[in-house]
Structures are given as structure tokens and as C-alpha cells.
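The values are calculated or read from the model by the stated rules, or taken from the named source; none is laboratory data. Please read these numbers as outputs of a predicted model, since none were measured by experiment. When we count neighbours, we look across all protein chains shown, and the Cβ atoms used for this are built from the backbone with ideal geometry, even at glycine. SASA here: full protein model, heavy atoms, side chains in, ligands and nucleic acids out. Shrake-Rupley method; radii C 1.70, N 1.55, O 1.52, S 1.80 Å.
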Amino acid sequence: MYTSLPEMWEGWTKNIYLGLSDRPSLMLLGVFGAFLLLVTALVLPLWPLLGFFWFLRGGGWLALIVIAQSLILWAIVIYARARVAIGMGISAWYALTLPLGAAVFAAMMLTSTWKVLSGQGVTWKGRMYASK
């Protein structure tokens, strides 16, 4: 559908914007969802590493449990994403880009929400969409 990141950004930001513009409750969910996506995208891949550093600083068996749980959760998330990729006919290796994709999508959600709240509207294919 989109052939470049700028096209994807413009198209998805517009779609999210139009979905949020008349629904304040969805806007709040959008901000919350974007926050969760961003935290997950940035923290989940680092969690095993943080657990390892904690273990090295004397975290003991609790640190090992954190490492094991985070690796299991990470494996489940990547496995689920790989199955979706396969179902869509694309390489399962794309599942490894999940943190980057989640961070970009969270940024799109936050941008759309900001554009709704500030009344700026969004531009798509040269047309301006603004809240009513």
C-alpha cells in the first residue's frame, strides 16, 4: 500500500487521526496505547540485559527469574509475530523488527493524537483534514 516511510507515516497518521478526531475516549486510549507500545518496544528487548546486570550486581536468583521470564515473554512475542508474518506471506525474520515497528507506530499514534488535540489536522496526498 505504501512504498516509503514518508508515505506510510502520512497515510497511517491520517487514518489514526480520522479515527480519533470525533471520539475523545478513543483519543485517550490512543495515547495510552501509544505509550504502552513505546515502552514495550524500548524496554522489552532490554529487559534480559537489565536482568543480567542486576545478576552481576548481586541480584541472585531473583535476577535469574527476571532474565528467564523476560526471555520467555520475548520468545512468545517474536513467535506470535513470526506466525502473523508467515500468514501474510512474508518472511518470519521480519518478526525481529517488532521493536522498531512498534516504536514507529507509537510515534504515529502520538503524532495523530497531538494533531487532533492541537487542531492542526493532517495532510494526505495534498489534502488537509481537520477536526470539525
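Note down all Cβ pairs under 9 Å where the first residue falls in segment 117-130 and is open to solvent by 100 Å² or more (accessible area, probe 1.4 Å), the second is part of a loop (DSSP other than H, G, I, E, B), and they're at least six residues apart or on different chains.
M128/G121
So, in segment 2-61, of the ones that are charged (D, E, K, R) and open to solvent by 60 Å² or more (accessible area, probe 1.4 Å), which residue ends up farthest from P99 (Cα to Cα)?
Filtering segment 2-61 for residues that are charged (D, E, K, R) and open to solvent by 60 Å² or more (accessible area, probe 1.4 Å), the one farthest from P99 (Cα to Cα) comes out as D22.
I'd like the residue in segment 75-90 that is open to solvent by 50 Å² or more (accessible area, probe 1.4 Å) and touching a helix residue (DSSP H, G or I) at 6+ places or on another chain (Cβ under 7 Å) and, out of all such residues, is modelled with the lowest pLDDT.
That would be R81.
Quickly run through segment 72-124 and pick out the residues that are aliphatic (A, V, I, L, M), within 17 Å of E10 (Cα to Cα) and in a helix (DSSP H, G or I).
Result: A102, A103, V104, A106, A107, M108, M109, L110, V116.
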